[in-house]
1. Which entries of K14/K48; K2/K37; K15/K37; K14/K54 show an alpha-carbon separation above 18 angstrom in the structure shown?
2. Calculated FRET efficiency, N7 and E42, Cβ-Cβ r, R0 25 Å, to nearest 0.05?
3. Determine the relative contact order of the chain: mean sequence separation of Cα pairs under 8 Å and six or more apart, normalised by residue count, in whole percent.
4. Kindly express, to the nearest 10 degrees and within the range 0 to 90, the angle between helix 43-55's C-alpha long axis and the longest C-alpha principal axis of the chain.
5. Can you compute the FRET efficiency between K89 and R62 using 1/(1 + (r/R0)^6), with r the Cβ-Cβ distance and R0 = 22 Å? Round to the nearest 0.05.
6. Regarding the chain, what's the average projected area of the Cα-atom convex hull, expressed in nm²?
Amino acid sequence: MKCTACNTGQYEKKKIHYDFLGERIGIFDALVCSGCKETLFESAASDKIEAEVKRRGLWGLRARSKVSKVGNALDVRIPKSLADFLALKKGQEIVLEPIDKTRLQIVIA
Ligand SMILES: [Zn+2]
């Protein structure tokens with residue numbers, strides 16, 4: 001089967017490691033392009049990945065939040081599930097680092 005991403009390589013069946021949020025979820029069947037390394041998981045593997053990610057409580061950590069104003073500064077609310085995942089506590093020091101005009105990285109010091 002020809003790769004739909006680069007149109008030159010061929011997909012090969014491989015077993016690959018799948019990581020999610022820095023955790024090794026497992027080894028799954030995938031199609032990997034011999035050219036550009038584009039990786040596709042077939043539905044059976046995708047279902048297994050989703051089930052395992054959910055079982056570990058890693059699903060749905062990406063959340064929408066709003067910016068509010070506190071004095072002259074702005075405040076961003078971090079949902080509890082995300083705070084728990086990061087073991088982030090009140091009063092903890094963090095480093096705010098802009099990646100570009102639309103992304104802000106928070107590094108837990
Ligand atoms: Zn390709």
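1. Working: K14/K48 16 Å; K2/K37 12 Å; K15/K37 13 Å; K14/K54 24 Å.
The pairs that break the limit, which is 18 Å between Cα atoms, are K14/K54.
2. Working: r = 20 Å, r/R0 = 0.81.
Working from the Cβ atoms, E equals 0.80.
3. Details: 131 pairs, mean separation 14.6, N = 109.
This gives 13 percent for the chain.
4. 30
5. Working: r = 21 Å, r/R0 = 0.96.
Computed FRET efficiency for K89 and R62: 0.55.
6. Details: hull surface 38.5 nm².
Mean shadow area of the hull around the Cα atoms is 9.6 nm².
Every number in this text was worked out from the coordinates using simple rules, so none of it is lab data. In this text, all values refer to a predicted model and were calculated from it rather than measured experimentally. Virtual Cβ from ideal backbone geometry, glycine too; neighbours counted across all protein chains shown.
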